[in-house]
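Working notes, beginning with the structure itself.
Every read-out reported here was derived from the displayed coordinates using simple, explicitly stated rules and does not represent laboratory data. Computed from a predicted model, the values in this text were never measured in an experiment. No Cβ is skipped: glycine too gets one built from the backbone with ideal geometry, and neighbour counts run over all protein chains shown.
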Amino acid sequence: MTISINAYPVSEAVQAQVKKLQEFITDHYYTCTDDILSGLGKMYAAGGEFTENIDKAGGAGTAAFTAEAIDLYRKCTD
């Protein structure tokens, strides 16, 4: 599923993608707890190569958008 750049980070579709991301990481790499997911979100938008690579793959602003979506996901699931 592709999310439109005009989508809101709090939208149902975006929040479903955050959940899928957390599940994918858990299924393929390591148990992605809510705290780990939150840390990843912060890293996505912290700048440097990590942010640059995410933005390169998804378009300018993707890292910050994803970080905000993850933060909102955490707030809604706490």
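Of all residues in segment 40-78, those that are in contact (Cβ under 8 Å) with a residue 60 or more places away in the chain and in a loop (DSSP other than H, G, I, E, B) total 0. Of all residues in segment 61-76, those being surrounded by fewer than 19 Cβ atoms within 10 Å (Cβ to Cβ) and within 16 Å of GLN22 (Cβ to Cβ) number 6.
Evaluate segment 16-23: report whether one residue or more is in contact with a Leu (Cβ under 6 Å, 6 or more places away or on another chain) and part of a helix (DSSP H, G or I).
Within segment 16-23 (the criterion being in contact with a Leu (Cβ under 6 Å, 6 or more places away or on another chain) and part of a helix (DSSP H, G or I)), the answer is yes, since at least one residue qualifies.
Looking only at residues in segment 19-31 that are within 12 Å of the chain's Cα centre (by Cα) and surrounded by 14 or more Cβ atoms within 10 Å (Cβ to Cβ), the one that is farthest from ILE70 (Cα to Cα) is ILE25. Residue pairs whose Cβ atoms lie under 9 Å apart, separated by 6 or more positions or on different chains, with the first residue in segment 13-33 and free of Cβ contacts under 8 Å to residues at least 60 places away in the same chain and the second among the small types (Gly, Ala, Ser) and not in a helix (DSSP H, G or I), are ALA13/SER4; ALA13/ALA7; VAL14/ALA7.
With respect to the conditions (1) surrounded by fewer than 17 Cβ atoms within 10 Å (Cβ to Cβ); (2) of a type outside the set (Phe, Trp, Tyr); (3) part of a helix (DSSP H, G or I), ALA7 falls short on a single one, namely (3).
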